[in-house]
1. Being out of contact with any helix residue (DSSP H, G or I) (no Cβ under 6 Å at 6 or more places or on another chain) and not aliphatic (A, V, I, L, M) is the filter; apply it to the stretch 1-10 and report the residue that is most open to solvent (accessible area, probe 1.4 Å).
2. Regarding Tyr141, is this residue under 27 Å from Val19 (Cα atoms), modelled with pLDDT of 95 or more, in contact with a helix residue (DSSP H, G or I) (Cβ under 9 Å, 6 or more places away or on another chain) and of a type outside the set (Gly, Ala, Ser)?
3. Could you list, in sequence order, all residues of the stretch 195-235 that are of a type in the set (Gly, Ala, Ser) and buried (at least 17 other Cβ atoms within 10 Å of the Cβ)?
4. Sort out which residues of the stretch 129-177 are open to solvent by less than 50 Å² (accessible area, probe 1.4 Å) and hydroxyl-bearing (Ser, Thr, Tyr), and write them in order of number.
5. Can you work out which of the residues in the stretch 110-128 that are assigned to a loop (DSSP other than H, G, I, E, B) and touching a residue at least 12 places away in the same chain (Cβ under 8 Å) is least open to solvent (accessible area, probe 1.4 Å)?
6. Search the stretch 204-217 for residues that are touching a residue at least 40 places away in the same chain (Cβ under 8 Å) and part of a helix (DSSP H, G or I) and pair each with any residue that is open to solvent by 40 Å² or more (accessible area, probe 1.4 Å) and aromatic (Phe, Trp, Tyr) when their beta-carbon atoms are under 6 Å apart and the residues are at least 6 apart or on different chains.
7. Please determine, by comparing only the residues of the stretch 30-68 that are touching a residue at least 12 places away in the same chain (Cβ under 8 Å) and of a type in the set (Lys, Arg), which one is nearest to Pro163 (Cα to Cα).
Amino acid sequence: MKKRIKKALEFIVVVIALVIGVLTAKSLSIESMLRGKEEAVTLAMTEEGIAEDYVGLPAADDIPRIEDAQMWEDTWQTSCVTVEPTDIIPTGIGVRNTWVSAYTSSRRGGQRYRADVSQMAWDVFGEYGEYFLIQLPDQSYILAQMSADDAKKIKSGKETVLPIGRKAGVHRQALPQIEDLCREYDANTEGLFYCINDRWNESHDLLVQIVRIGSAFLIAIVLGTILITVVGKIFKEKEEE
């Protein structure tokens, strides 16, 4: 009977270790660590190319900052701008990142369609970019999509100037799931501030996933070993009694 209980507890602690490993690895700022320190992009540099070339790169001091709702309304989709949010509110809804394939291989050898929109709670591998409401200096809110690392900085209360971004459209499938929250904060749903570096993510996606999965397994193995050892010691002490 004791052996069965011990085996059951060992199984439970292994599952706990795996869950903790996955959640911890998911929270690691792997993209920021791999990208390192990047050169800030000036306004003059953005005039030499198109907005997509600079989205997601650090913004120099002369890049226009969105200060209020009216300035955001007047911003063109081709303009390179930035924001220094004073608050952030997660919607819990994400859209499949542009570098993530729309199809995934199934166990039977076929292909399964990957949803365009998902609840972020189910996004284990970072395949979706969450929609956030960010507060501008005038206390108004706008929709935004940014890296998880940038979102963490704002949530922690750290003063954060977001990377260069542009005005992008809101996914029509996501609208029904976020419109109530947007209405509550009087946020316009006709456009969002997008500042994710798609090109870097596309070329480094495999490396990021390998590091993240490797970190999850390493954490799970170390934690699982410790917990199993603790369980073994507890049962050994009881047997000696």
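1. Restricting to residues being out of contact with any helix residue (DSSP H, G or I) (no Cβ under 6 Å at 6 or more places or on another chain) and not aliphatic (A, V, I, L, M), the top hit is Arg4.
2. Here the answer is no, as Tyr141 does not meet what is asked.
3. Once the filter is applied, which keeps residues that are of a type in the set (Gly, Ala, Ser) and buried (at least 17 other Cβ atoms within 10 Å of the Cβ), the stretch 195-235 yields Ser215, Ala216, Ala220, Gly224.
4. Selection gives Tyr131, Ser140, Tyr141, Ser147, Thr160.
5. Applying the filter and picking the extreme gives Asp123.
6. If the second residue must be open to solvent by 40 Å² or more (accessible area, probe 1.4 Å) and aromatic (Phe, Trp, Tyr), the pairs left are Asp205/Trp99.
7. The qualifying residue nearest to Pro163 (Cα to Cα) is Arg65.
The values are calculated or read from the model by the stated rules, or taken from the named source; none is laboratory data. These figures come from a predicted structure and were not determined experimentally. We place every Cβ from the backbone using ideal geometry, glycine too, and count neighbours over all the protein chains shown. Heavy atoms of the whole protein, side chains included, go into the accessibility calculation; ligands, DNA and RNA do not. Shrake-Rupley method; radii C 1.70, N 1.55, O 1.52, S 1.80 Å.
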